[in-house]
Structure formats: C-alpha cells, structure tokens
Amino acid sequence: MIVGSSLGVPLHAALTSATLAVFLLACWCAPWKSWLIGHPDRQHVWLGTLVVILLMGAVRPGVASGLLPQFLLVTTFTLMHGWLLAIVGIGVVLAVNCFQHGNWADWPAYFLCEAAVPALFVHWLHLVVVRRLPRNFWIFIFVTAFAGSIAAFALAALVLVMVARSWPAGISVGDYLVVLGLMGFAEAYVDGLLMSATVVYKPDWVATFDDRLYFAR
C-alpha cells in the first residue's frame, strides 16, 4: 500500500466515500445508450482500450515507489468516448490493478489522480480550445491531444504526490522531473499518433470530433 498508508483513517475514509460517489455517478450518467449500445464497433474499441490500459498498467516502473502516474491512453480514451466513459473504464482498470498487486486501499487515490483529474482536465481543455480557437485538425491534434496529454500527465503526478503527502524515496527532484518529462512526452506521442489515425480513418469513433466541421474545407 503506497498512498493509503500515508493518509489517516478519517481522511482515507472521506476520500474513499467521495471516490465511490464520483465513480457511481459517472456510471449512472455515462452515455451507454447513446454512444455504445447499438454500436458494436465502438463497444469493441472501448473494451479493447480497457484491455490495453490494463496490460500497460500491469508494468509499473520501479522508480518513485509508485508515485508516478500510469494512465496511458487516458487522453485518447477521453477524446474518443467522453470523460464519463473514460472515468468508468479507467476506474475499473485501476481497481483490477490494485487488486492484483494487493494494494486495494490505494484505489481511491489512484482513481482520483489517474482517472478523474486527467479526464476532467482533457474534457475542460477540449471545451476551451473549441470556444477560443478555430476548428482545425492540427489544433485538435497538437493542442488538445498532444499538449493536453502532457499537461494532464504532469497534473496527475502533482495531485498524486499531494494526496500521498510524501515525496518518492530515493529520488531527487531533478531526477523525478526528468522521468516525469520523458513519460509525459511518450504519453503525448502515443495519444497524438492514435488520435491522428482515428480521426482520419474512423472519425465516428471520436465523440469530441465532428469531421463535418473540421474537414469542411
């Protein structure tokens, strides 16, 4: 147990209650009927993404004692299926990972830092970009997907350290920032590549992308 042990019993109980409330609310409000039910291709993509994230999350780097976020494809998941379905899916993946590693008490903190925070941030960033910037394919890829992925990764790492109320043992601030930057760039590269291919070949799989607007000219 990495995060849960650093919290007092009252704080951990409050965090667990709030996390369960957010997770159940997301399950209730998620667009299951309008987005997934009746669309087998989207269902396969959603479930396939869960499997990929589950496999990637099974391998956690030894550095930083687990205080580095592991949410590969969260930006892609959020942009493709919306933040509610992203939160539900990643929450399930994190629960499975925590159960496998025997640190079930860490699930609320990891859910907050690796699912709720990055998904909500990417959703917010997408809304800001749509309102403030032109509907341009390259803006969607490089600003929303690529830059948004790096920012979401860094924000999740900051929140994770704050929730744990401890600094990773055996690693300096400089080394932590270097590793964080490398992992964030790798995250952004994968998200940008996947979103580029998806919006070109399967734009109907992306809930936040309307090809009639972005490719109108």
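Throughout, read-outs are computed from the coordinates displayed, never taken from laboratory work. Keep in mind it's a predicted model, so treat the numbers as computed, not measured. Note: ideal-geometry Cβ built from the backbone for every residue, glycine included; neighbour counts use all protein chains shown.
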Quiz item: Once you charge only the Cβ atoms, +1 for Lys and Arg and -1 for Asp and Glu, what is the size of the charge dipole of the range 4-214 about its Cα centre, to the nearest 20 debye?
Solution: 340 debye
Practice problem: Please give the net charge around G148, taking every other residue with its beta carbon less than 13 angstrom from that of G148, where Lys and Arg add +1 and Asp and Glu add -1. | Solution: -2
Quiz prompt | Using alpha-carbon coordinates, inclination of helix 117-132 to the longest axis of the chain, degrees | solution = 30 degrees
Exercise. Grab the Cα-Cα distance for I37 and R135, subtract it from 0.36 nm times how many residues apart they are, and report the gain in nm with one decimal.
Key: 32.4 nm
Practice problem: Enumerate the residues in the range 82-121 having an amide nitrogen under 17 Å from the point lying 7 Å beyond the Cα of L20 toward its Cβ. | Solution: 91-92, 95-96, 99, 104-112
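Among 142-152, 10-20, what's the highest-first ranking by average C-beta atoms within 10 angstrom per residue?
142-152, 10-20
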Practice problem: Please give the peptides 122-128, 22-28 ranked by average Cβ packing (other Cβ atoms within 10 Å per residue), highest first, as a rough proxy for protection. | Solution: 122-128, 22-28
Quiz item: What does the highest-first list of 183-189, 42-48 look like by mean Cβ count within 10 Å?
Solution: 183-189, 42-48
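Mean residue ellipticity at 222 nm from the helices of the chain, using -39,500 (n - 2.57) per DSSP H segment of n ≥ 4 over the full residue count, to the nearest 500 deg cm²/dmol?
-20500 deg cm²/dmol
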Practice problem: Measure off 7 Å from each Cα along the Cα-to-Cβ vector at F215 and A95, then give the distance between these two points in nanometres to one decimal. | Solution: 3.7 nm
Practice problem: Can you tell me the 0 to 90 degree angle between the C-alpha axis of helix 9-29 and the longest principal axis of the chain, rounded to 10? | Solution: 20 degrees
Practice problem: Kindly write out, for the range 142-147 in residue order, the coupling ³J(HN,Hα) from the Karplus curve 6.51 cos²θ - 1.76 cosθ + 1.60 (θ = phi - 60°), rounded to whole Hz, with x marking Gly and Pro. | Solution: 7, 8, 6, 7, 6, 5
